[in-house]
Amino acid sequence: MADASPGSALAEKPTRVRFGVLGFACALSMITYLDRVCMGSAAKGFVDDLGLHDVADLNIVLSAFALAYSLFEVPSGWLGDRFGPRNVLIRIVLWWSFFTAITAVVGIQLGGYVIGSVGMLVVIRFLFGMGEAGAYPNITRALHNWFPFQERGFAQGAVWMCGRLMGGLTPLVWMILVEGVAWPSADATETSADLMIPALLGQGNWRATFWVFGLLGVVWCVLFALWFRNRPDEKKSVNAAELAKIRSGAAESQSAHAGIPWRRILASRNLWLLCLMYACQAYGWYFYINYLFNFLEQQHGLSKTSTLAAIYKGGPLWLGAVGCLVGGALTDWYIRRTGDRRWGRRLFGMFGHAMTAVCFFAVYLIESLEQRPDPFWFSLAISLAGFFTDLTMAPAWATCQDIGRRYAAIVAGFMNMVGNFGGFLAGWATGWIVQKSQDAYALGLDTTRDALGDADKAAGALPGYQTNFLIYAAVYVVGVVCWSLIDSTKPVAPDEK
């Protein structure tokens, strides 16, 4: 490769190979969200095929992913720090793509016999979560190797923007593949109010979408293996000027040595504040991918084939994508302007969580009105909650790099582990609260929850959802307090440069 001396670096224009790394990271982020969010669209199909009563009955299934995702963050992050992100990412993407594909077999009827059960679906989603657990810690490690800290906020924001954007698009993709698209009819004399565009696969083939989504991961692995290298000095197309630019930001490209200082890492107050903050962030966020789709259909009567409904369902992730990019740009801008990394991360985290709490309280008020307004207002409030939540994503993940340094993937793994344990609790608790609300409603009618009709199920579930919205708001207030105490200038292992 070219001479990397300072003199030669100044004499040439830097290449931009690091943005190819960012492109692969963004593509992988999109695949992770496509594979995890599609379960929200498929949930009603599994309820019907497994003989369940409501999507709330899948709370254990929906929580299984988050539990595995949290438990295997640190081991996956350690592997990335120890051996480099390239091989680790290839293995874990192939793993979760396999379990994405075989999700399709649960609930299939053959000769009157139903293949699988809720228990089997729990196991598959748990194993799927094991694989996805390593994605973002190892993406973080790759970006740490390839980007100076002045560009880390932008890079992290772009990665999360792409993931959220794909999450927002998933209901629309699912509708195009499975349900078909209903467009308002231009002919007012037609009997039907809508013109239907047939689905590409059709409702009878909705399970095939899991195979399609699994195949995307395999394709990514092949291309990634051919192109990516763990460090910029291993890539021949990186010139000396780009290498000097990367190193000028004090990016540590070394792998973590075998003697990882676990005691000092675990004793870091900064680390645990970061973890608790992320648990607060995940607690409300999991509503968007686990329960929002069913909530809009059940509580507001939105059609599965409505384009507007698909936009509403993806609203928090659509605006969340914008929030990720804006948050990354703001944190980098503030640090470049002031040189203050502590407040450059902290300020936007506090603001984002405070406004998310306000938005969830507004959602509670809207859903508590005796005459609930058009679903637009609920969707606007919940989508703004998604925007402000994700305004904090780039500062949070950039902080992992700031305080983790050469242990960036381990720190990111800890944060995502504890954060998604919050998501696991939320997935289970949200469904449990809704179930108890329906039980209380059924008791008032002198019947059982299982015997309720669709209208009564919706009426019984509403107080449970209202309670959940208040809990989400309170949890984000705790997140504000955590952000106020996080210091991104204090590394978890202070003597590690």
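Quick notes
- Cys residues of the chain counted as unpaired, since no other Cys beta-carbon is under 4.7 Å: CYS38, CYS221, CYS275, CYS280, CYS324, CYS359, CYS400, CYS482
- On Cα atoms only, tilt of 118-132 relative to the major axis of the chain in degrees: 20 degrees
- For ASP450, ASP49, order by how many other beta-carbon atoms lie within 10 Å, fewest first: ASP450, ASP49
- Remark: for residue pairs LYS313/LYS457; LYS304/LYS436; LYS13/LYS235, the C-alpha separation exceeds 23 Å in LYS304/LYS436.
- Normalised by the number of residues in the chain, the average gap of Cα pairs under 8 Å and 6 or more apart makes the relative contact order 25 percent.
- Relative to the longest principal axis of the Cα atoms of the chain, the long axis of helix 208-227 makes an angle of roughly 10 degrees.
- The alpha carbon gyration tensor of the stretch 422-497 gives principal lengths a ≥ b ≥ c with a/c of 1.5 or higher and a/b greater than b/c, which makes the shape prolate.
- Prolate/oblate/rounded label for the stretch 260-347 (Cα gyration tensor, a/c 1.5): oblate
- Acute angle (nearest 10 degrees) that the helix 315-338 long axis makes with the longest principal axis of the chain, alpha-carbon atoms: 20 degrees
- Ranked THR338, THR467, THR103, criterion: other C-beta atoms within 10 Å, fewest first: THR338, THR467, THR103
- Longest segment of the chain lacking GluC sites (Glu not before Pro) that sit in a DSSP loop with at most 11 other Cβ atoms within 10 Å: 1-189
- Listed values (1) 24.8; (2) 30.7; (3) 25.9, entry calculated as mean projected area of the Cα convex hull in nm²: (3)
- Anisotropy class of the stretch 259-412 from Cα gyration tensor, a/c 1.5 cut: prolate
- Counting neighbouring beta carbons within 10 Å and listing from fewest to most, the residues VAL475, VAL363 come out as VAL475, VAL363.
- Cα centroid separation, the stretch 428-497 to the stretch 121-139: 23 Å.
- In the chain, helices alone account for a calculated mean residue ellipticity at 222 nm of -23500 deg cm²/dmol, with every DSSP H run of four or more residues adding -39,500 (n - 2.57).
Each reported figure results from applying straightforward, stated rules to the coordinates on display, with no laboratory input. Bear in mind that the values here come from a model prediction, so they are computed numbers and not experimental data. So basically every Cβ, Gly included, is an ideal-geometry build from the backbone, and we count neighbours across all protein chains shown.
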